[in-house]
Amino acid sequence: MVTPREATTREPLISVEDIPPEGTVTADLLGREVLVMMQNGKPRAFLNVCMHHGGSLKLDGDTFTCEWHGSTFDARTGKALSGPVRPDARLIMLPTRIEEGVLTYVYEERSET
């Protein structure tokens, strides 16, 4: 008989009141830098890493730009727009929830044992 198993990881990132209405703020997730921003009144969190060669990202309007090689990504979806990055690449948008006023990374793992 197969029994489903669930495990949830929760890591607080930043107080929602510390997220600026425009631009980004950095937060730490287990030693990795995360860029947090507001989009249409909702917080979004992306790993601060370009999918080309791992460079850091900078937000310019609605576009993230890699500071190493200039690849660009749509800040709403994470999809690659231009540059040396593969056209089908996407930034890593983290699954988050607001818990008690704090933007929290929430990862739910489900497996069958």
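Taking amide H positions as modeled 1.01 Å from N, with prolines and chain starts lacking one, the residues under 5 Å from residue 33 and 5 or more places away or on another chain are 48. The share of Cα pairs per 5 Å bin across the chain, counted from zero up to the longest distance, runs 2, 12, 21, 20, 16, 12, 8, 5, 2, 1, 0 percent.
Normalising by the residue count of the stretch 4-112, find the relative contact order in percent from Cα pairs under 8 Å and 6+ residues apart.
On the way: 226 pairs, mean separation 32.8, N = 109.
Relative contact order of the stretch 4-112: 30 percent.
Remark: the stretch 18-26, residue by residue, has Karplus-estimated 3J(HN,Hα) of 8, 8, x, x, 9, x, 10, 9, 9 Hz, where x stands for each Gly or Pro and the curve is 6.51 cos²θ - 1.76 cosθ + 1.60 at θ = phi - 60°. Peptides 12-18, 63-69 ordered by packing proxy, namely the average of other Cβ atoms within 10 Å per residue, highest first: 63-69, 12-18.
All of the numbers you see were taken from the coordinates with simple rules; none came from a lab. Quick caveat, the model's predicted, so the values are computed rather than measured. We place every Cβ from the backbone using ideal geometry, glycine too, and count neighbours over all the protein chains shown.
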